[in-house]
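The values are calculated or read from the model by the stated rules, or taken from the named source; none is laboratory data. Nothing here was measured: the structure is a model prediction, and the numbers come from that model. Glycine also receives a Cβ, built like all others from the backbone with ideal geometry; neighbour counts cover every protein chain displayed. Remember, those area values only see protein heavy atoms, side chains included, never the ligands or the DNA or RNA. Shrake-Rupley method; radii C 1.70, N 1.55, O 1.52, S 1.80 Å.
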Amino acid sequence: MRIDQLLAGSGPVFSFEFFPPKTEQGEQNLYAALGELSTLDPSFVSVTYGAGGSTREKTIEIVKRLKDEWGLEAMAHFTCVGATVPELRATLDEISAAGIENVLALRGDPPAGETEWTKTEGGLEYSRELVELIAADYPFAIGAACFPETHIHATSAEDDLRYLGEKVSAGADFLITQVFFDNSFYFDFVTRARAAGVTVPIIPGIMPITRVGQVERMAEMCGSAIPEALRNELHAREDDAEAVLDFGVAYATLQCAELLAAGAPGIHFYTLNRSPATRAILSALKLSRPWESAAAAGAGA
C-alpha cells in the first residue's frame, strides 16, 4: 500500500528505519530486530542506502524480503549518488517490478572518504530532480527528507525551506524529518513550512538514545542540537549503560507523546537495527494513545 494512502487514514503511522548490514552477524541482528519489531504491526519499514549508494543492491534485496517474506509494507531509500539517469531508471524499474510502491528520494551522501558532493556525469545533482524523474514516469508514493534545524549545507533556513517547497512541488507526497531531540524545532519547522505553502504530511524522525557517545556523534554529523539539560542527564549516567538506555527510552517516549498529542501524523523511528528501545517506546505509546487528545482538539501536522 502507498504510504500517502496510509497517512490519509485515521490514526498515526508508525514506521521503522533499518540499514543494510555489512557482516553476517549484522544480518542476523537485523532480522532478529525485525522479528521483534514486526509484532508491533508497523505501518511501514524503510531501508537506507550506504554512503555513495554503496549498498544499492543490498537495499533492494532487503526491501523485497521485507515485503515478500515478512508481509511488511516497505520503502526503499533511493539516491542520486554514483549513477547516471539510465542507471537510476534501471534501478527504479527493478523496484517497480518487485511490487514495491514507496521510495524515499534523496540526494545522498558522498562516497566514503569524500566530503564534497560531486554530481555523477550523466546523473542528477539535486533531490528535486530525482523526485521529478520518479513522479513523471513511476507510480510510487514519493517521500523526501526535511530538516527542522536546517540542512547542514544550506546557505540559510529560508533557502532550505524554499528547496523543500520545490521538492514537494516536483511530486513528493510526504516528508520525514532528520533526527531531532528538541520538539520545539519540529513545531517551529511545521509552522514555517505551512506558511510557505508546504501542505504534505511531515513525519517526525526520532532516534531512541541508547549510548551517549553514539548519540553525540550522530547529532554532530546531522547538525542536530542536544539540549543542555538532556546532555547533562546523559553524562550523569554515562558509566552505567543500562541507566542510559532506561533514560533514553523514557525521554523518547515523552518526546513522541508530545508530538502525537500536538497532531504529528506519526513517528518514524531510526532503529539503528536494534529493537529493545523502540519496542518499549512504541508499546507505551500504543497503550497511552496520546494522539487521541490531538484528534479531540482537531490538531494536525
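Taking Ile100 as meeting all but one of (1) within 18 Å of the chain's Cα centre (by Cα); (2) outside any strand (DSSP E or B); (3) free of Cβ contacts under 8 Å to residues at least 40 places away in the same chain, write down the number of the exception.
(3)
What is the number of the single condition among (1) at pLDDT below 95; (2) in contact with a strand residue (DSSP E or B) (Cβ under 8 Å, 6 or more places away or on another chain); (3) aliphatic (A, V, I, L, M) that Leu260 does not meet?
(1)
Could you tell me which of the residues Leu34, Leu72, Leu30, Leu66 is part of a loop (DSSP other than H, G, I, E, B) and either touching a strand residue (DSSP E or B) at 6+ places or on another chain (Cβ under 9 Å) or open to solvent by 40 Å² or more (accessible area, probe 1.4 Å) (or both)?
Exactly one of Leu34, Leu72, Leu30, Leu66 is part of a loop (DSSP other than H, G, I, E, B) and either touching a strand residue (DSSP E or B) at 6+ places or on another chain (Cβ under 9 Å) or open to solvent by 40 Å² or more (accessible area, probe 1.4 Å) (or both), namely Leu72.
Would you point out the residue of region 127-152, among those that are more than 25 Å from Met218 (Cβ to Cβ) and in a loop (DSSP other than H, G, I, E, B), that is nearest to the chain's Cα centre (by Cα)?
Applying the filter and picking the extreme gives Phe140.
Go through region 153-181 and count every residue that is part of a loop (DSSP other than H, G, I, E, B) and touching a helix residue (DSSP H, G or I) at 6+ places or on another chain (Cβ under 7 Å).
Summing the residues that are part of a loop (DSSP other than H, G, I, E, B) and touching a helix residue (DSSP H, G or I) at 6+ places or on another chain (Cβ under 7 Å) in region 153-181 gives 8.
Quick check on my filter: what residues within region 267-283 are of a type in the set (A, V, I, L, M, F, W, C) and in a loop (DSSP other than H, G, I, E, B)?
Scanning region 267-283 gives a single hit, Leu272.
This table checks each residue for (1) surrounded by 15 or more Cβ atoms within 10 Å (Cβ to Cβ); (2) more than 24 Å from Pro201 (Cα to Cα).
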residue: Cys222; (1), (2): yes, no
residue: Arg237; (1), (2): yes, yes
residue: Ala241; (1), (2): no, yes
residue: Thr278; (1), (2): yes, no
residue: Leu285; (1), (2): yes, no
